[in-house]
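**Q** Dropping the structure in here first, questions after.
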Amino acid sequence: MRAEYLQIGEIVKPQGIRGEVKLRAMTQDMARYARLETVYLLEGGEYVPRRVLKGRAGGGFAFLQLEGIGDRNQAEALRGRGVYVDREHAIPLGEDENFVCELIGLEAVGSRGARIGRLRDVLKPNAVCDVYVFDTPRGEMMIPALKRVVTAVDIEKGTMVLDEDALEEVAVWQDEPAVRDE
């Protein structure tokens, strides 16, 4: 399902004494934080706009000064909150790219029709590829997000097709110990 609001960060703590907040960044374009004019915070089940007075990034984190947040105590009250943009201000995606928030919850089915499980998380351990984490009847399964493994994604239908032959080669299961090549 297409999300109207896309998460671009999570407030992890206040930064300084003047109300600036530090974010765990959730974007590949760190420079975007300096260009933000408006973000949305989820308050009481609704996305409430907040004007961005100043934005910057550094050290893998983002920092925002939001209108109406003028001291450390007000910033502290926002700890743990997600920071969102509306779809109109989202970074354009390339071909075969999806927003992580739209992938979470997709139902994985095998290329031969087997029900595999539901995508629970997307890990970004390195710059090479993401790792998809699924909840399955067998337990947790992790796979690399490679085209030869993930053959189709349909956000509207809520499904992801996985090549069952490739899964036999690359899937890591919670209940299987790792085997080392020596």
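**Q** Which residues, taken from the stretch 39-53, are in contact (Cβ under 8 Å) with a residue 12 or more places away in the chain and more than 15 Å from Gly9 (Cβ to Cβ)?
**A** So in the stretch 39-53, the residues in contact (Cβ under 8 Å) with a residue 12 or more places away in the chain come out as 39-42, 47, 50-53.
Within the stretch 39-53, Arg51, Leu53 qualify.
**Q** Right, another one. Select, from Gly9, Gly16, the only residue that is touching a residue at least 24 places away in the same chain (Cβ under 8 Å), in contact with a strand residue (DSSP E or B) (Cβ under 6 Å, 6 or more places away or on another chain) and of a type in the set (Gly, Ala, Ser).
**A** Working: Gly16 fails: in contact with a strand residue (DSSP E or B) (Cβ under 6 Å, 6 or more places away or on another chain).
Residue meeting the stated conditions: Gly9.
**Q** Give the stretch 1-18 a look and list any residue that's farther than 12 Å from Arg79 by Cα and surrounded by 15 or more Cβ atoms within 10 Å (Cβ to Cβ), or say none.
**A** Taking the stretch 1-18 as the starting set, the residues that turn out to be farther than 12 Å from Arg79 by Cα are 1-8, 16-18.
Result: Ala3, Tyr5, Leu6, Gln7, Ile8.
**Q** I'd like to check which strands (runs of 3 or more DSSP E) are fully inside the stretch 64-166 and have at least 3 residues that are under 19 Å from the mean Cα position of the chain (by Cα), of a type in the set (A, V, I, L, M, F, W, C) and surrounded by 15 or more Cβ atoms within 10 Å (Cβ to Cβ).
**A** Where strands (runs of 3 or more DSSP E) fall fully within the stretch 64-166 and carry at least 3 residues being under 19 Å from the mean Cα position of the chain (by Cα), of a type in the set (A, V, I, L, M, F, W, C) and surrounded by 15 or more Cβ atoms within 10 Å (Cβ to Cβ), they are 131-136, 139-144.
**Q** Among the residues of the stretch 19-37, write down those that are more than 19 Å from the chain's Cα centre (by Cα) and either closer than 15 Å to Gly59 by Cβ or surrounded by 14 or more Cβ atoms within 10 Å (Cβ to Cβ) (or both).
**A** Gly19, Glu20, Val21, Ala34
**Q** For a quick check of your reading of the model, give me the residue pairs whose first member lies in the stretch 101-116 and is among the acidic types (Asp, Glu), whose second is open to solvent by less than 60 Å² (accessible area, probe 1.4 Å), with beta-carbon atoms closer than 6 Å and at least 6 apart or on different chains.
**A** Glu102/Ala3; Glu102/Ile155; Glu107/Gly158; Glu107/Thr159
**Q** Let me ask something else about it. If you check every pair at least six apart or on different chains, which have Cβ atoms under 6 Å apart with a residue in the stretch 129-152 that is free of Cβ contacts under 8 Å to residues at least 12 places away in the same chain first and a residue that is open to solvent by 30 Å² or more (accessible area, probe 1.4 Å) second?
**A** Ala152/Val161
**Q** Can I ask one more? Kindly list the number of the only condition in (1) at pLDDT 95 or above; (2) closer than 21 Å to Gln7 by Cβ; (3) not small (Gly, Ala, Ser) that fails for Ile116.
**A** (2)
The values are calculated or read from the model by the stated rules, or taken from the named source; none is laboratory data. Values in this document were obtained by computation on a predicted structure and should not be read as measured data. Because the Cβ atoms are built from the backbone with ideal geometry, glycine has one as well, and the counts that use them run over all protein chains shown. Keep in mind that these areas ignore ligands, DNA and RNA; they rest on the heavy atoms of the full protein, side chains included. Shrake-Rupley method; radii C 1.70, N 1.55, O 1.52, S 1.80 Å.
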